[in-house]
Structure formats: C-alpha cells, structure tokens
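Down below is the structure, laid out as structure tokens.
The values are calculated or read from the model by the stated rules, or taken from the named source; none is laboratory data. The shown structure was predicted, so the numbers you read here are calculated from the model rather than taken from an experiment. In this analysis, Cβ positions are derived from the backbone assuming ideal geometry, glycine residues included, and neighbour counts consider all displayed protein chains.
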Amino acid sequence: MSMSSMRDSPTATASSFSGGRRAAPLTVWAGSPGILLIHGFGGDPAEVRPLAAAFLREGYSVHAPLLPGHGALPDELAGVRWQQWAETVTQGFATLRHRCSEVVVVGFSMGALLSLLLAAHLPVARLVALAPALTLRGQLLVNLSGIARHAISWYYPFAGADFNDPTLRALIRQRVPGADLDDPLVCEQLRRMVRVPLAAIYQLTLLQRYARHALPRVTAPTLVVQGRDDATVDPRSAEQVARSIGATDCRLVWMEGYGHQLLLGEGGERVAHTIVAWLQGRM
C-alpha cells in the first residue's frame, strides 16, 4: 500500500501497523537443545527472530509461539486472559520436549515473566530472562488499570510519542517497513488509531504478581540480561529476579547504553552472542 493511500484512509495506517497480515509462530527443527522463544506484550515472533537465527546457526531447534491476542492490531488483546498466554507457552514447551532431550526457555519482557512461571512448574534445562517486566516504569499507574478498566476502555501508547526517537522508529519499521514517520499525518494517525485495551494491561499486572510469587520455585540455571537505560521496565526488576530466584546458578548481565528493545539492531546480535556463550559454558 502506498503512503498516499494511507494518508487518504485513517484506518489503513492502523491496519498497516499489523504488517498487513497476521503474524505466525516460528518453528525450525535442527538439533537439541530446543529453544523456546517467547515474545513480549504487544509483540510477535518476529521480535525474537534475531535470536532464532543465532540459535539455528548453532544447530539448535527453535520454536517461537504466537501468544493469544498478538500478531495483529493491539485491539485483539481485548478479552484475552494471562492464563491463555501461559497455556500457549506450556504447549510450546511440550512441542519441543517431544523432539528434543532438553528445552531452554528464552523470554523477552512479558515473555520473561511467562518463562519464569513455566520454569517454576516444568523441567526447563536453562532459562534466559531478557528485560523481565516484573516492575514497569510508572508501575503505580499500571496497577490502577484494575480499577480504571471499568471506566476507560483503551490506552493509546503513541499519544505522546516522539517519532524522531531512533529506537521508536526502528520498532515501528519492524512492523511497518514502509511507514513514512517524517509525515505528520502518518504520525498523527498512529497516535489516534493504535490502542491497547486497558483490560489487557490489567492481565499483565496479574501475570507480574504470579511470576513474582513463582521466583523461589525456579531452580533451572538462569541468565538475566537487562538494559541499563530501560525506559519501559524498571531495571531493578532484573536485580529482583537475580536476588529472589531459587536457582543457585544465576547470572545477571547488564547491557550498558541499551534500553528496553534489546533485540533491535546490533543489540540483538550482542544478546544472541551472550546467550550462546552462556549456553556453551564460555562465560
């Protein structure tokens, strides 16, 4: 679709944010261990593709499920409960375990919370938590979603966005490669049309609570990777995971100069290299 037609049709911009198609799970079979990759809130398996590529080069099998309500417009998160996300992750684990002797779980942001919850109940060989969203910046306001959802239906994540921010531009172009973010009309449409159900944010807070309680039961060797300049997740979340987890083997790696989007650009390559080195005992 041309940018001129997007300007003529406001709904076209919102539809294009979903990439023009529904995202799909990613599964490639190679060898063992199998790697279960869990994307974040509002993301899809494309988010963890840099990691998948790195693991495949090492001969590992990978499976990245698509969490319910994700992969299209954020509107579709309406009515989805956190238990459905957890069940999808459990099914993904079973898919890999059927063909691989060991399963390593790697989760990003909300996906890291799901990975912690999974590892508290199933025999995960190793666990990697990337920017675990245990506590968000502005968590107090996020916690109010449980009450606010009864009066306010939607949250508009781009309402006050700075579309000159290189990280935000890279994130949007990952979903909409042709978006002209220098066009004020396109930016305005993104501000008005992209919306997240407040009820879905409330489900995220419930998942945070259960993941926090599950930490002492996680005994698998764990690697936590956190951007020092994360403006979405409070970096102290990573310290809380490392401090409260039941695993005796837990390593926390700080990504200096990186924010929340650890998997974009060179950051994704660096994170992938770090995880592979850890899995192979080289760090």
Would a scan of segment 100-107 turn up a residue that is polar (S, T, N, Q) and at pLDDT 95 or above? no
Check S101, S32, S61 and return the single one that is among the hydroxyl-bearing types (S, T, Y), in contact (Cβ under 8 Å) with a residue 60 or more places away in the chain and either assigned to a strand (DSSP E or B) or under 23 Å from G246 (Cβ atoms) (or both). S32
Can you name the residue in segment 44-66 that is out of contact with any helix residue (DSSP H, G or I) (no Cβ under 7 Å at 6 or more places or on another chain) and of a type in the set (D, E) and is also surrounded by the fewest Cβ atoms within 10 Å (Cβ to Cβ) among such residues? D44
Report whether or not A12 is modelled with pLDDT of 95 or more, of a type in the set (G, A, S), touching a helix residue (DSSP H, G or I) at 6+ places or on another chain (Cβ under 9 Å) and at negative phi. no
If we keep only residues of segment 182-218 that are free of Cβ contacts under 8 Å to residues at least 40 places away in the same chain and within 23 Å of the chain's Cα centre (by Cα), then the residue nearest to A46 (Cα to Cα) is R191
For segment 245-273, which positions are β-branched (V, I, T) and either crowded, with 20+ Cβ neighbours inside 10 Å or in a strand (DSSP E or B) (or both)? I245, V253, V271
Scanning for something of a type in the set (A, V, I, L, M) and surrounded by fewer than 22 Cβ atoms within 10 Å (Cβ to Cβ), does segment 90-105 turn up at least one residue? yes
If we ask which residues in segment 111-123 are surrounded by fewer than 24 Cβ atoms within 10 Å (Cβ to Cβ), over 12 Å from H213 (Cα atoms) and among the aliphatic types (A, V, I, L, M), their number turns out to be 1
Run Q189 past the list (1) over 22 Å from G71 (Cβ atoms); (2) modelled with pLDDT under 90; (3) part of a helix (DSSP H, G or I) and report the number of the one that doesn't hold. (1)
Test set (1) part of a helix (DSSP H, G or I); (2) crowded, with 22+ Cβ neighbours inside 10 Å - H70 fails condition number: (1)
Segment 210-244, residues that are touching a strand residue (DSSP E or B) at 6+ places or on another chain (Cβ under 8 Å) and part of a helix (DSSP H, G or I): S237, A238, E239, V241, A242
